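Reviewing the structure listed below.
The values are calculated or read from the model by the stated rules, or taken from the named source; none is laboratory data. Keep in mind the model is a prediction, meaning the values are calculated, not measured. Positions of Cβ are backbone-derived with ideal geometry, glycine not excepted, and every protein chain shown enters the neighbour counts. Note: areas computed on protein heavy atoms with side chains; ligands, DNA, RNA excluded. Shrake-Rupley method; radii C 1.70, N 1.55, O 1.52, S 1.80 Å.
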Amino acid sequence: MRVAIVGATGLVGGTFLKVLEERDLGITDLLLFASSRSAGKKINFRGKEYTVEELNENSFKNRDIDIALFSAGGGTSLKYAPLAAKEGVLVIDNSSAWRMDKEVPLVVPEVNPEEAFKHKGIIANPNCSTIQCMAPLKVLEKYGIKRVVYSTYQAVSGTGYKGVIDLEEGLKGNPPKTYPHQIVNNCLPHIDVFLEDGYTKEEKKMVDETRKILGLPNLPVTATCVRVPVINSHSVSINVELEKDFDLETVKKELAEYKGIVLLDDSNKNIYPLANDATGKDEVFVGRVRRDNSVKYGLNLWTVADNIRKGAATNAVQIAELFCKNI
């Protein structure tokens, strides 16, 4: 199988390579693409050296590429993903460009893998903060999801290398270059751009993507997304109002048994998910599972996941794995 990575020198692109090295997708050849600034760079993958090529309109022509993993920004995806798909390449795109397109599946493999096979050449990877909430909500689907409230605590790596540099330089006393305010000793309730209704684009992504992935287009969802001075792994508080009553211990058991979830929930021993627990791992960690007594059938959960791995690269590779037997 020939695999291409678009945006190979970026933070997610590099993690694509790391995850692909860890998993056996039957890769026989690898093609690496990036902007002209990175063209010519050498990258080692499984003991073999590959040269990064400049991405252009002819990159996918007559190359017999089976799957292309894209993480180079929305503009690049809008331009080049259709060109790749036209050449018979299955594109798995990590940007927001195609997520809400009705013709493009939005997939979390543990939640809605069947949607991936409805593709027309492009499959979208959801937003990092959305991905880690989907498996826990899928567990609760049997009780009827009435309303969802998200509060996120998102790491600076979600902004890529630039966000990490802002935090590192801020610790040295230098002013921010990426964020509108210093991130050191701060929480910024501002991720992506503000929209006319006062919400940010990140918050809108979580609302729209949750509805699409769960197949609940009218589900009431709201979100407040906050950037925090943590290098890696996002934390999300999920408040869910359900249609039916539930047994709390049964819900915990169902969460613990669900594929891709690790339950860390023992308040008597101060056991709950932390960013340090999730970093470098592919699972979604869930804890602080408790009733919300302010509504009839309410539940609170705390989720943590590595936003670069499960929130981006790993989820995309898992989508690719769905097709490996068919290539």
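Going residue by residue through the stretch 53-74, is there one that turns out to be over 19 Å from the mean Cα position of the chain (by Cα) and either part of a strand (DSSP E or B) or closer than 23 Å to Val164 by Cα (or both)?
First, pick out the residues of the stretch 53-74 that are over 19 Å from the mean Cα position of the chain (by Cα): 53-66.
Checking the rest, the ones that are also either part of a strand (DSSP E or B) or closer than 23 Å to Val164 by Cα (or both) come to 53-54.
Taking every residue of the stretch 53-74 in turn, at least one turns out to be over 19 Å from the mean Cα position of the chain (by Cα) and either part of a strand (DSSP E or B) or closer than 23 Å to Val164 by Cα (or both).
Restricting attention to the stretch 282-327, which residues are open to solvent by less than 10 Å² (accessible area, probe 1.4 Å), touching a helix residue (DSSP H, G or I) at 6+ places or on another chain (Cβ under 9 Å), touching a residue at least 40 places away in the same chain (Cβ under 8 Å) and not aliphatic (A, V, I, L, M)?
Selection gives Thr303, Asp306, Asn307, Lys310, Gly311, Thr314, Asn315.
Condition first: touching a helix residue (DSSP H, G or I) at 6+ places or on another chain (Cβ under 8 Å), in a strand (DSSP E or B) and crowded, with 18+ Cβ neighbours inside 10 Å. Now tell me which residues in the stretch 208-245 satisfy that.
Val221, Ala223, Cys225, Arg227, His234, Ser235, Val236, Ile238, Val240, Leu242
Please list, ordered by first then second residue, the pairs with beta carbon atoms under 7 Å, 6 or more apart or interchain, first in the stretch 176-196 and of a type in the set (A, V, I, L, M, F, W, C), second open to solvent by 60 Å² or more (accessible area, probe 1.4 Å).
Val184/Leu171; Leu188/His181; Val193/Lys201; Leu195/Lys201; Leu195/Lys204
Examine the stretch 146-169 for a residue that is open to solvent by 20 Å² or more (accessible area, probe 1.4 Å) and assigned to a loop (DSSP other than H, G, I, E, B), and state whether such a residue exists. It would help to see each step written out before you state the result.
Keep residues of the stretch 146-169 that are open to solvent by 20 Å² or more (accessible area, probe 1.4 Å), which gives 146-147, 149, 151, 153, 158-159, 161-162, 164-165, 168-169.
The next check asks that each one be assigned to a loop (DSSP other than H, G, I, E, B); those that pass are none.
No - not one qualifying residue is present in the stretch 146-169.
Starting from the stretch 11-27, take each residue that is charged (D, E, K, R) and list its partners that are in a helix (DSSP H, G or I) and buried (at least 17 other Cβ atoms within 10 Å of the Cβ), counting only C-beta distances under 7 angstrom and pairs at least six apart or across chains.
Arg23/Val317
Taking the stretch 238-287, which residues are touching a Leu at 6+ places or on another chain (Cβ under 9 Å), under 20 Å from Ala312 (Cβ atoms) and not aliphatic (A, V, I, L, M)?
Hits for the stretch 238-287 are Pro273, Asp277, Phe285.
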